[in-house]
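Below is one structure; the comments refer to it alone.
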Ligand SMILES: Nc1nc2c(c(=O)[nH]1)N[C@H]1C(S)=C(S)[C@@H](COP(=O)(O)OP(=O)(O)OC[C@H]3O[C@@H](n4cnc5c(=O)[nH]c(N)nc54)[C@H](O)[C@@H]3O)O[C@H]1N2
Ligand SMILES: Nc1nc2c(c(=O)[nH]1)N[C@H]1C(S)=C(S)[C@@H](COP(=O)(O)OP(=O)(O)OC[C@H]3O[C@@H](n4cnc5c(=O)[nH]c(N)nc54)[C@H](O)[C@@H]3O)O[C@H]1N2
Ligand code: SF4
Ligand SMILES: [Mo]
């Protein structure tokens, strides 16, 4: 085993705490050793030294001015006051145990996050099932890529975001990028698209807004939000009508084509134009660009996925790839750009409601037996599947009376957030482990201050399925402990003395055994190998060198064939009407991250993106009398938000856009619709019906 302690004064090679690109960076300790500065790490292939502003400024959140450095416990007077770790952990264990005693184990909930390392996500899932014996665990990844995950499973029998490394992108012939604004959400990855174009490849971007990403496109289609399913079906219709299907591939490598073809043929181009607002000639142009070269890719992100039909929508894009033979072949395929730092690994190791480590199913008796064996418990003692994230949050205060939360800030990021905030306030007991006093942590009975990325070691799995090692570069302040320490301390207090080690590498070794033989097999991956090889791609069974490219010989289904799924367009859960005549869509800006809990504490990022706004088209602005910079009220069936107008012709005139990074009156999620996709249970963050009007007088 390599010595993973850093040498004082030397730099440590590690990864950014934020998004799924997991850019490599070097951290250099400042004199005195209490802080670090970020330096370029040119040898890491994904970003080759490039970083966005969030990554560059990430050390600001390590400084004690903005972070939590001691546990807080709510007093009888209702205030959060400093406490010792013993007092805080005792209070959490007592709070959770009290609920379980009075109402049964399923009255205790656990909510995790896709930013947690693999080790933490694994330990949290085990803690829920073994120490709390609750089925009620889910995580914010449900809000992120769950529709793509479900569609992946359905079509390919396996869910890894990208089936190929990013380095393949510049060498394919055409990329269709659906609802991804990666110029803002993964800036260093824009290089792959510029290189694609330099190599003669073409880029099609599908987004209701002309984003910085769309500006790079050879062809930009701007459909009405919520109509991507019709758009994909319309393209497939044209592919069939023009005789551009790959019959040999369909016959050799797929099943279910006849039904999927029939479903697509019901979506003729003029109908699709009417639904999407994209003119037929533009549809034809897209088909021409996609089908002309020998290879092509479709990449989706949250635009088409965060819909109440996200799974079917991604399924339609996969059908297009399969029908044209653009899957399971070099430089071709469908991929999903995952979002959070460990958006991929966080969905593999058991913090999801229906899942055991290694992407095993909680309902599969063989999976239960294997994992129970590793955990040293009776398989029958493992609970069954629980509720999905929104359903779990919605049940707080009624069926679920106490909650342990690690790695999410739902008061800002959950759909229908005012209602969820009420639910959280109605809990008997809330414990939050965080690095800062987030809006959700501020409501807790106990707040546990934890170590951060640069202060601890652990693995993440980036959007390519590449397992990476974050290394400890800095000694944490004395008052904080790691999430693994927290789970160890709580388990012991709940009577489970063994099985929750605090060493990340020990947890990883157990995760390897628990995942062995499962779909996401990590058993052949070690910290030493990751260090030596710039990451290892899963699946990686013992003795394997890892799998950079999936599906080249066979898909991961029982018969090795990809499955077409027949899908048909349907409306969003809410469509505009006389009272709410416009569509609201939501998303991100480059300088803020997620609920903003971390990035809103960095001066440089706040200067670049100081607050919420409502993006709207000049025609709409003229119609309602909106003035650039003046406050607009946006009202949906869930509530009302107020933020300044930002007038731009880069958005459709029937749609307004708000970023979701801020709490308070500009909170976009006050408005959003929690209508769920029936398969993935993804809420419809990207579409709801609203009314927009200038605010008269003082706000
Ligand atoms: N700066 C920054 N970067 C981030 C994050 C962050 O918060 N800030 N978060 C990370 C995470 S967790 C994630 S999940 C990723 C998300 O990365 P992206 O998916 O790129 O981000 P979004 O802005 O949510 O959505 C992308 C685009 O979808 C478009 N869109 C809206 N509605 C529709 C629709 O109906 N159809 C289509 N086709 N497009 C639509 C929006 O206009 C937007 O430009 O970013 C990661 N990177
Ligand atoms: N309207 C709208 N809403 C959305 C979206 C959208 O596009 N539109 N996107 C959705 C998506 S894709 C996502 S991923 C979610 C994200 O939204 P959230 O789930 O709220 O994610 P973050 O803001 O990253 O919250 C992470 C919290 O955990 C803390 N934290 C960071 N690292 C650690 C750690 O190692 N341990 C512990 N214990 N805590 C840590 C951070 O300080 C922060 O408070 O938002 C969703 N909400
Ligand atoms: S692109 Fe993502 S991983 Fe890279 S520096 Fe920015 S936030 Fe960090
Ligand atoms: Mo996400």
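A short reminder: the numbers here are calculations on the coordinates, not readings from a lab. Treat the numbers as computed from the prediction; the structure is a model and nothing was measured. We place every Cβ from the backbone using ideal geometry, glycine too, and count neighbours over all the protein chains shown.
Tabulated data for the structure shown
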item	result
Equivalent-ellipsoid semi-axes of the stretch 67-189, from the Cα gyration tensor, Å, largest first	40, 20, 12
Overall form of the stretch 418-482 per C-alpha gyration tensor (a/c, 1.5; a/b vs b/c)	oblate
Rounded, prolate or oblate (a/c below 1.5 giving rounded, otherwise prolate when a/b exceeds b/c) for the stretch 582-694 by Cα gyration tensor	oblate
The stretch 475-503 and the stretch 143-168: distance between their alpha carbon centers, rounded to Å	33 Å
Additional length obtainable on full extension of the chain from residue 42 to residue 218, 0.36 nm per residue less Cα span	60.4 nm
Percent of beta bridges antiparallel (DSSP, the chain, rounded to nearest 5)	45 percent
For the chain, the spread of Cα positions along each principal axis, largest first, Å	69, 69, 53
Approximate shape of the stretch 447-518 as ellipsoid semi-axes (Cα gyration tensor, √5λ), whole Å, largest first	22, 20, 9
Estimated FRET transfer efficiency when R0 is 56 angstrom, pair residue 171-residue 398 (beta carbons, to 0.05)	0.60
Segment residue 247-residue 94, length gained on full extension (0.36 nm per residue, minus Cα span)	48.8 nm
Residues residue 76 and residue 101, FRET efficiency given R0 of 35 Å [Cβ-Cβ distance, rounded to 0.05]	0.95
Full-stretch length increase - residue 606, residue 425 - with 0.36 nm per residue and alpha-carbon distance subtracted	62.3 nm
Cβ-Cβ FRET estimate between residue 65 and residue 361, R0 fixed at 60 Å, reported to 0.05	0.85
Relative compactness, the stretch 12-62, computed as alpha-carbon Rg over 2.2 N^0.38 Å	1.07
Neighbour-count ranking [beta-carbon atoms within 10 angstrom, fewest first] of 493, 65, 387	65, 493, 387
Rg and Dmax [Cα atoms of the stretch 543-638; Å; Rg one decimal, Dmax integer]	22.7, 67
Separation of the residue 571 and residue 199 label points, Cα + 7 Å toward Cβ, nm	4.4 nm
Spatial separation of Cα centroids for the stretch 216-242 and the stretch 62-134, in angstrom	46 Å
Alpha carbon Rg of the stretch 162-337, scaled by the compact-globule rule 2.2 N^0.38 Å	0.94
Beta bridge orientation in the stretch 582-694: antiparallel %, DSSP, nearest 5	65 percent
Cα gyration tensor category, rounded, prolate or oblate, for the stretch 176-251 with a/c compared to 1.5	oblate
Label point distance in nm, residue 30-residue 509, each placed 7 Å from Cα along Cα→Cβ	3.7 nm
